[in-house]
Protein chains: 2
Amino acid sequence: MNKPERVRVSSAALRAMVSTMFERLGATNEDAAIVAEVLVWANLRAVDSHGISRIPRYVEMFESGEAKARPAMVVAHPRAAVITIEADAAPGPVAMHRAASEARAAAAQAGIAWAAVRGTVHTGAIGYYASEVAAAGMIGIGLVAGVPNMAYAGSIAAGVATSPIAIAVPSARHGTVLLDMATAVIALGKIAQFRQSGTALAPGMALNAKGEPTTDPVQAEIPLPVGGAKGSGLSLMIEFLTSVLMGNPIVAEFHSGTPEGQRHRQNGTVIAVDIGAFGALATFKAQVDAAIDAIKALPREAGCAEILYPGERGSRAFAERGRNGIPIAPTAWQRLCKDAAKLGVTPPEPLATG
Amino acid sequence: MNKPERVRVSSAALRAMVSTMFERLGATNEDAAIVAEVLVWANLRAVDSHGISRIPRYVEMFESGEAKARPAMVVAHPRAAVITIEADAAPGPVAMHRAASEARAAAAQAGIAWAAVRGTVHTGAIGYYASEVAAAGMIGIGLVAGVPNMAYAGSIAAGVATSPIAIAVPSARHGTVLLDMATAVIALGKIAQFRQSGTALAPGMALNAKGEPTTDPVQAEIPLPVGGAKGSGLSLMIEFLTSVLMGNPIVAEFHSGTPEGQRHRQNGTVIAVDIGAFGALATFKAQVDAAIDAIKALPREAGCAEILYPGERGSRAFAERGRNGIPIAPTAWQRLCKDAAKLGVTPPEPLATG
């Protein structure tokens, strides 16, 4: 009773509630289910900034027309290893899950496939799509470009986006190994968490609105790129690999200063690599495990209790939250319940509080 | 006359000399020419750590059998978008240039192609292979994994390699835009340059042999990963995408402690994406230019004279060194001339000194 209590909600109940909400917002049952699945997956992996906290924004985007609950997506397969998807402002999970499915199917034939998504919104935790591909015995790679919000090396303004890259590979004993990294030192969602908890940022993480370095989480607005020119260069390249490849540039349009250029939109790519085209899948999985075992056995620096492989922390959270439910801050839960009530959806009873 | 004078040697003369040296070392004319081309390209772009300074090590590797001047490479094309190359210890430029050629040809059909190289040595500046693909109106991506020499996040030992990633795209007005980045904060070659000039490293760049942080370039041995867990995670993923995909693991073998596990070897990948499969190449190039123009016009931080796009510094060096010759330190030039003399090759007359 010492601080506002978090509720814990079962992931299945949360998924059902969110799915029904998206149906009421106009999505098909199938589309509503995948949006709920991807959002709750992020919460299960403790990437709460990409989970159900985004629902109010989705509601806004459906109302404003920035996102469409019933998009007319157009999928083409112009070459053996290329799929293009005109997303028509579909929710990111709808467009990117489709890209992952198409990439998997094409890679099963061609060995590799590149599925490009043009004009979607809020792709969420792109590790989901890479992991979907990995679950099929392939390597999955996801890329997303969005509206500039991160400093470009040498500049004091938002020049490029914190565009993430996700890479997932299957293993035999360690499940899916998943690297899911933004090109920024710190994600905007993390800055928001620091703001809520009143914790100062470390130096070198962000600039304020005037482009001055700051550690104040209230002032911090523009995250800095990881590794300076490396992070911002990688982000710019992701813009070329996604937006420009699909003829839907975001960086250049944003800086042109038109209102259209500022509009929220994203372009993404899912790449699938069929491991079986190169060798035996079982050998691949065993060799991934062997490398991870070697990494985890390395000598540790002072204060490091355990060396983690990419995605290990998220996998543990997934297991724990799957068992005990997803913890949700009271304000977020109230907000979600209010949105649900408006749509005539009854929220589930929390499993527990605290 | 104030310090030991550098010589300047014309790139064409240097290329001819190096090519003849590799012929005398047993390579075919064609293979010798591509090794010379890739090494001198690195010097032209001012990546001197990956240029002709590597020749003495090549001579050693040919003598020890680690590298083969007459490899029996085996190229297979098991799926429409997949090429595999058993390099048989071919010099990196021979195997990776072949990968770039095969990837380009297959991508012209399938839209995308992934050419995987197993068991090569010293791939050099992998930006070369990505750029070759970009010159054909495609996006080129290069990856290489090698023997661990970089700390893994949380560890004080070399756990993974400084494995680089290179991405090249064509533009209309800015030439090839090329990001070529190691996953380390600082490259080993750069540490060697700091050592030679007696300059201290910045904090957070490297560890000494005992795994302690150091700024002393003489003590510095283990570079740290860029962005901590991001850089070392990306490096581990590159090991999975190259070595493990081709069934030739390096990380796990290295940590097994066998002499074989310590042996120098590399695995690499060249990916080609045919821009024309997605849209018009001319539009792509124009949109790359527009994004670069926007980036270069961003407001600058104090002390930043110019915002650079990825590869811009290297392109300028390329033009300047192409005109005025490649500057070579006196000791390096003497060493190269000595190696050339042993092979009965007469070095060219330097263009100038100083």
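The values are calculated or read from the model by the stated rules, or taken from the named source; none is laboratory data. Remember, it's a predicted structure, so these values are computed and weren't measured experimentally. Positions of Cβ are backbone-derived with ideal geometry, glycine not excepted, and every protein chain shown enters the neighbour counts.
Being within 14 Å of another protein chain (Cβ to nearest Cβ), farther than 22 Å from B:ALA187 by Cα and over 20 Å from the mean Cα position of the chain (by Cα) is the requirement here; does B:ALA81 meet it? So B:ALA81 passes the test.
With among the polar types (S, T, N, Q) and surrounded by fewer than 18 Cβ atoms within 10 Å (Cβ to Cβ) as the only criterion, which of A:SER235, A:SER256 stands out? Give the derivation first.
Details: A:SER235 fails: surrounded by fewer than 18 Cβ atoms within 10 Å (Cβ to Cβ).
Unique residue meeting the criteria: A:SER256.
Among the residues of the stretch B:112-129, is there at least one that is assigned to a helix (DSSP H, G or I) and more than 14 Å from chain A (Cβ to nearest Cβ)? Quick ask: steps written out before the conclusion?
At the first step, the residues of the stretch B:112-129 found to be assigned to a helix (DSSP H, G or I) are B:127-129.
Narrowing further to those that are more than 14 Å from chain A (Cβ to nearest Cβ): B:128-129.
Looking through the stretch B:112-129, at least one residue is assigned to a helix (DSSP H, G or I) and more than 14 Å from chain A (Cβ to nearest Cβ).
Would you pick out the residues in the stretch B:294-314 that are assigned to a helix (DSSP H, G or I), surrounded by 18 or more Cβ atoms within 10 Å (Cβ to Cβ) and more than 7 Å from every other protein chain (Cβ to nearest Cβ)?
Our first condition is that a residue be assigned to a helix (DSSP H, G or I); within the stretch B:294-314, this holds for B:294-296, B:312-314.
Right, trim to surrounded by 18 or more Cβ atoms within 10 Å (Cβ to Cβ) and you get B:294-296, B:314.
Answer for the stretch B:294-314, where residues must be assigned to a helix (DSSP H, G or I), surrounded by 18 or more Cβ atoms within 10 Å (Cβ to Cβ) and more than 7 Å from every other protein chain (Cβ to nearest Cβ): B:LYS296, B:GLY314.
Would you confirm whether any residue within the stretch B:98-105 is in a loop (DSSP other than H, G, I, E, B), free of Cβ contacts under 8 Å to residues at least 40 places away in the same chain and either within 12 Å of chain A (Cβ to nearest Cβ) or not acidic (Asp, Glu) (or both)? Outline the logic, then answer.
So in the stretch B:98-105, the residues in a loop (DSSP other than H, G, I, E, B) come out as none.
No, every residue in the stretch B:98-105 fails to be in a loop (DSSP other than H, G, I, E, B), free of Cβ contacts under 8 Å to residues at least 40 places away in the same chain and either within 12 Å of chain A (Cβ to nearest Cβ) or not acidic (Asp, Glu) (or both).
Considering only the stretch A:226-237, state which residues are in a helix (DSSP H, G or I) and either among the aliphatic types (A, V, I, L, M) or facing another protein chain (nearest Cβ under 8 Å) (or both).
Pass one, the stretch A:226-237, residues in a helix (DSSP H, G or I): A:229-237.
Answer for the stretch A:226-237, where residues must be in a helix (DSSP H, G or I) and either among the aliphatic types (A, V, I, L, M) or facing another protein chain (nearest Cβ under 8 Å) (or both): A:ALA229, A:LYS230, A:GLY231, A:GLY233, A:LEU234, A:LEU236, A:MET237.
Among the conditions (1) out of contact with any strand residue (DSSP E or B) (no Cβ under 8 Å at 6 or more places or on another chain); (2) within 14 Å of another protein chain (Cβ to nearest Cβ), B:GLU86 misses just one, which is (1). Scan the stretch B:193-208 for residues that are of a type in the set (Val, Ile, Thr) and either assigned to a helix (DSSP H, G or I) or in the same structural domain as B:THR269 (by TED's automatic domain parsing) (or both) and the total you get is 0.
Quick check: is even one residue across the stretch A:209-224 away from chain B (no Cβ under 11 Å), closer than 23 Å to A:GLU312 by Cβ and in a loop (DSSP other than H, G, I, E, B)? Within the stretch A:209-224, not a single residue is away from chain B (no Cβ under 11 Å), closer than 23 Å to A:GLU312 by Cβ and in a loop (DSSP other than H, G, I, E, B). When the stretch B:151-164 is limited to residues that are in contact with a Gly (Cβ under 7 Å, 6 or more places away or on another chain) and of a type outside the set (Ser, Thr, Tyr), the one that is farthest from the other protein chains (Cβ to nearest Cβ) turns out to be B:ALA161. Of all residues in the stretch A:334-353, none satisfies being surrounded by 13 or more Cβ atoms within 10 Å (Cβ to Cβ), in a helix (DSSP H, G or I) and at the interface with chain B (Cβ under 9 Å from one of its Cβ atoms). Being under 30 Å from A:ASP289 (Cβ atoms) and at pLDDT 95 or above is the requirement here; does A:ALA168 meet it? So A:ALA168 passes the test.
In the stretch A:258-278, the residue that is nearest to A:VAL147 (Cα to Cα) out of those that are assigned to a strand (DSSP E or B) and within 14 Å of chain B (Cβ to nearest Cβ) is A:ASN267.
Filtering the stretch B:238-252 down to residues that are in a helix (DSSP H, G or I) and either more than 7 Å from every other protein chain (Cβ to nearest Cβ) or small (Gly, Ala, Ser) (or both), which residue is nearest to B:GLN262 (Cα to Cα)?
Going residue by residue through the stretch B:238-252, those that are in a helix (DSSP H, G or I) are B:238-244, B:251-252.
Pick out the ones that are also either more than 7 Å from every other protein chain (Cβ to nearest Cβ) or small (Gly, Ala, Ser) (or both) and you get B:238, B:242-243, B:252.
Numbers: B:ILE238: 18, B:THR242: 18, B:SER243: 15, B:ALA252: 11 Å.
Checked the stretch B:238-252; the qualifying residue nearest to B:GLN262 (Cα to Cα) is B:ALA252.
Could you list all residues from the stretch B:49-92 that are part of a helix (DSSP H, G or I), touching a residue at least 60 places away in the same chain (Cβ under 8 Å) and either out of contact with any His (no Cβ under 6 Å at 6 or more places or on another chain) or more than 24 Å from B:GLY140 (Cα to Cα) (or both)?
Once the filter is applied, which keeps residues that are part of a helix (DSSP H, G or I), touching a residue at least 60 places away in the same chain (Cβ under 8 Å) and either out of contact with any His (no Cβ under 6 Å at 6 or more places or on another chain) or more than 24 Å from B:GLY140 (Cα to Cα) (or both), the stretch B:49-92 yields B:SER49, B:HIS50, B:ILE52, B:SER53, B:ARG54, B:ILE55, B:PRO56, B:ARG57, B:TYR58, B:VAL59, B:MET61.
The single condition from (1) within 12 Å of chain B (Cβ to nearest Cβ); (2) hydrophobic (A, V, I, L, M, F, W, C); (3) under 16 Å from A:ALA157 (Cβ atoms) that A:LEU179 fails is (3). Candidates are the residues of the stretch A:44-69 that are over 19 Å from A:ALA13 (Cα atoms) and of a type in the set (A, V, I, L, M, F, W, C); the one that is surrounded by the fewest Cβ atoms within 10 Å (Cβ to Cβ) is A:VAL59.
With respect to the conditions (1) surrounded by fewer than 23 Cβ atoms within 10 Å (Cβ to Cβ); (2) out of contact with any helix residue (DSSP H, G or I) (no Cβ under 7 Å at 6 or more places or on another chain), A:VAL7 lacks only one, and its number is (2).
Here B:ALA108, B:ALA33 are screened, and the one residue that is in the same structural domain as B:ARG263 (by TED's automatic domain parsing), surrounded by fewer than 22 Cβ atoms within 10 Å (Cβ to Cβ), small (Gly, Ala, Ser) and touching a residue at least 12 places away in the same chain (Cβ under 8 Å) is B:ALA108. Residue pairs whose Cβ atoms lie under 9 Å apart, sitting 6 or more positions apart in sequence or on different chains, and linking a residue in the stretch B:172-189 that is closer than 13 Å to B:ARG316 by Cα to a partner that is surrounded by fewer than 21 Cβ atoms within 10 Å (Cβ to Cβ) and aliphatic (A, V, I, L, M), are B:THR176/B:ALA135.
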